[in-house]
Amino acid sequence: MRTIGLALTLSAVCLLGPRAALAHSEEAKQCISQSKTTFKTCRTDCNTDYKEARFACRGVDPACGIPCLATKRECGETAKEPLTTCVTACEQTLQAEKAACRQDVIKCPPDTPDVPSCDECIDAAQVKGFTCRDQCREDFRRNQTAQDALRKCQDDFKTCVQACPEPAAD
């Protein structure tokens, strides 16, 4: 089935010329790009509508509840900073080790894809990176100060939302 599709595509290129195929692919790229932008905008709008509706359903004025939610998000990001810092360090180490693998001419000879020694080196770096990130998460879960900060964010959010008025009747 793929062969037939490929043959038809190649036939079209030969009959219509390479410019027609290129123009079509550029048009397709532009169309896909526009669709992606529309989707992202739609998703953002829907997300906002959903948040507003959730607050309204709970009897909270969205104009008050949404800022409470934004404050909670900022607070949570600050509380999770030790985790973020640790995971970022793991990612940087992983990238450095993968680069070292690729620069090792013996393990990863240039212009020679799929060399087992290169794959093994990169696999080992990825396992090490996974283990590092996993340890970061474990350490964060055991970090009482960080967990207390997250709970405070949640408690402050509840207090903020409880102080909000009911939504205005339409």
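Between LYS51 and THR78, what FRET efficiency follows from the Cβ-Cβ distance if R0 is 25 Å, with the result rounded to 0.05? For LYS51 and THR78, the calculated efficiency is 0.75. Within region 84-121, list the residues whose amide N lies under 17 Å from a label point set 7 Å along Cα→Cβ of THR145. Counting backbone N atoms under 17 Å from the label point, the list is 84-87. Each label point was placed 7 Å from the Cα along the Cα-to-Cβ direction; for ILE106 and SER35 their separation is 5.0 nm. What does the C-alpha gyration tensor say about the overall shape of region 24-159? Classify as rounded when a/c is under 1.5, otherwise prolate if a/b is larger than b/c, or oblate. Since a/c reaches 1.5 but b/c is at least a/b, the shape of region 24-159 is classed as oblate. Local charge for CYS132 was computed over the other residues whose Cβ lies under 13 Å away, with Lys and Arg +1 and Asp and Glu -1, and equals -2. For the residue pairs LYS36/LYS80; LYS128/LYS152; LYS51/LYS158; LYS80/LYS158, the C-alpha atoms sit more than 22 angstrom apart in LYS36/LYS80; LYS128/LYS152.
Maximal additional length on extending the GLN154-THR71 stretch stands at 28.9 nm, based on 0.36 nm per residue less the C-alpha distance. Modelled this way, with points 7 Å down the Cα-to-C-beta line, the labels at GLU138 and ALA63 are 5.1 nm from one another. Its relative contact order, with pairs defined as Cα atoms under 8 Å and 6+ residues apart, puts region 63-164 at 47 percent.
Values quoted throughout were computed directly from the atomic coordinates according to the rules given, and no laboratory measurement underlies them. Bear in mind that the values here come from a model prediction, so they are computed numbers and not experimental data. Please note: Cβ atoms are built from the backbone with ideal geometry, for glycine as well, and neighbour counts cover all protein chains shown.
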